[in-house]
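Read through the structure below, which is laid out as structure tokens, and then see the notes.
What follows is calculated from the coordinates using simple rules that are stated; it is not laboratory data. It should be emphasised that the depicted structure is a prediction, and the values quoted were computed from it without experimental measurement. For neighbour counting, all protein chains shown are included, and Cβ atoms are generated from backbone atoms with ideal geometry for every residue, glycine included.
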Amino acid sequence: MSSTPSTVLDRFLRYVQIDTQSDPNSTAQPSTEKQKDLSRLLVTELFEMGVLDAHLDEHGYVYATLPANTTKYNVPVICFCSHVDTSPDCSGAGVKPIVHTKWDGSDIVLPDDLSQVLRQSEHPDLTAQIGNDIVTASGATLLGADNKAGVAEIMDAVYFLINNPDIKHGTIKILFTPDEEIGRGTAKVDLEKLGAAFGYTIDGESVGTLEDETFSADAVKITISGVSTHPGFAKGKLENALKIAADVLATLPKDTLSPETTEDMEGFIHPTNIEGILEKVTLGFIIRDFTVAGLHEKETYLKRILENVLTNYPHSTAHFEVIEQYRNMKEVLDQHPQVSDYALEAIRRSGLTAKRRSIRGGTDGSRLSFMGLPCPNIFAGEHAFHSKLEWVSVQDMQKAVEVIVNLCQIWEEKA
């Protein structure tokens, strides 16, 4: 990369101070209007760079195009995508970012809440960051590196490419989405307008990683209808739906099949909510596995637990509903191996060890892949997301910018 100055830190510090928290209880699109505050700024900055088609649509999506500067006509159009919203799990209002320059490895005590301490022993990825510049919040809020690090990196890469026209590339599309943190990041995206053949979300964790496999995900809703009667005359008649639900939960295994007992490629059955009264109770679950067959096995297992419990309540009934959420993007990406292969090459060209891994979760890329835009996830450098201890390394962000630039070059070279 040339001597064009990196602006990624300046951008990041500017973006994280804008509150863009999404709201799972809102039915609006986007779920919060304040997300558009950052999106409007991004459009303005893209205009100032010379990206003249940048615009914010009514649903909260930013679309923009960096035109090709190559004479080749067969370079596929690729897209880089990040989300502007931050998690509802932790406050994103009044973020005060702090840059800990040339960090020496000692504990980082956050000044607005002295109980918030970033320690190497609890965050192993910090070990590789000694001597680097670490950005945190002040202890009262999350930082917003998830995913404003990715937003800043894409913006800086666009700035770099515009200022280094000798780097040849095809048409590059930019997409910034709202509401990813509440599972609606692709709800209103217009892929026809976007016009890209392949995409990359910049929303991963450790430097050098490419994530091209996610959980497959379903939700299960169990509605239990018990038998209600006056408790003074209930013998032999009352069947309490609350107790039925409790029996179902108590029958789940204690040492397996749960988030707290699984890792790596192991899936789980996870109860997330319970609501109701004696007569009727609703139980909510999320089911996760890396294969659809594994999802179905776990759903069958849960349904069998329910049926066995109900044998003790002969007059009660239950409805078992499975709601598809998202699928493992590897199913799509395996059909387009060059998308991941080029990303791994771009990471290596940046002087990093490329690490291919699976995500115990999902990304916008999962849904985009199945919507027709094959889309793995590249590291953004964000860590401890959704918490007051969230942090990112400036050097990792700069490497992410370099990877994006390299990737644009590789697609042009390979055409």
- What lysines could a cross-link reach from Lys414, if we take a straight Cα to Cα line under 19 Å and drop same-chain neighbours fewer than 8 places away? Lys72, Lys168, Lys173
- Message: For a quick check of your reading of the filter: which trypsin sites (Lys or Arg not before Pro) in the stretch 233-285 sit in a DSSP loop and have no more than 10 other Cβ atoms within 10 Å?
- Response: Lys235, Lys254
- Task: Can you bin the stretch 216-326 into rounded, prolate or oblate? Criterion: square roots of the alpha carbon gyration tensor eigenvalues sorted a ≥ b ≥ c, rounded for a/c under 1.5, prolate for a/b above b/c, oblate for the rest.
- Result: prolate
- Item | Eligible lysines near Lys399 by straight Cα distance, threshold 16 Å, same-chain separation 8 or greater | Lys148, Lys355
- Any GluC sites (Glu not before Pro) in the stretch 1-109 that lie in a DSSP loop and have at most 13 other Cβ atoms within 10 Å would be Glu33, Glu58
- Task: Would you calculate a helix-derived [θ] at 222 nm for the chain, using -39,500 (n - 2.57) for each DSSP H run of n ≥ 4 and dividing by the full residue count, to the nearest 500?
- Result: -9500 deg cm²/dmol
- Message: Per-residue counts of other Cβ atoms within 10 Å, averaged by peptide: what ranking do you get for 197-203, 21-27, 220-226, highest first?
- Response: 197-203, 220-226, 21-27
- the chain - share of DSSP beta bridges that are antiparallel (%, nearest 5): 70
- Item | Degrees between helix 337-349 axis and first principal axis of the chain (Cα, 0 to 90, nearest 10) | 60
- Using a ≥ b ≥ c from the Cα gyration tensor of the stretch 339-415 (square roots of the eigenvalues), is it rounded, prolate or oblate, where a/c under 1.5 gives rounded and otherwise the larger of a/b and b/c decides, a/b for prolate? oblate
- Message: Tell me the volume per residue, in Å³, of the convex hull enclosing the alpha carbons of the chain.
- Response: 154
- Partner lysines whose C-alpha sits under 24 Å from that of Lys303, ignoring same-chain residues fewer than 8 away, are Lys221, Lys243, Lys254, Lys280
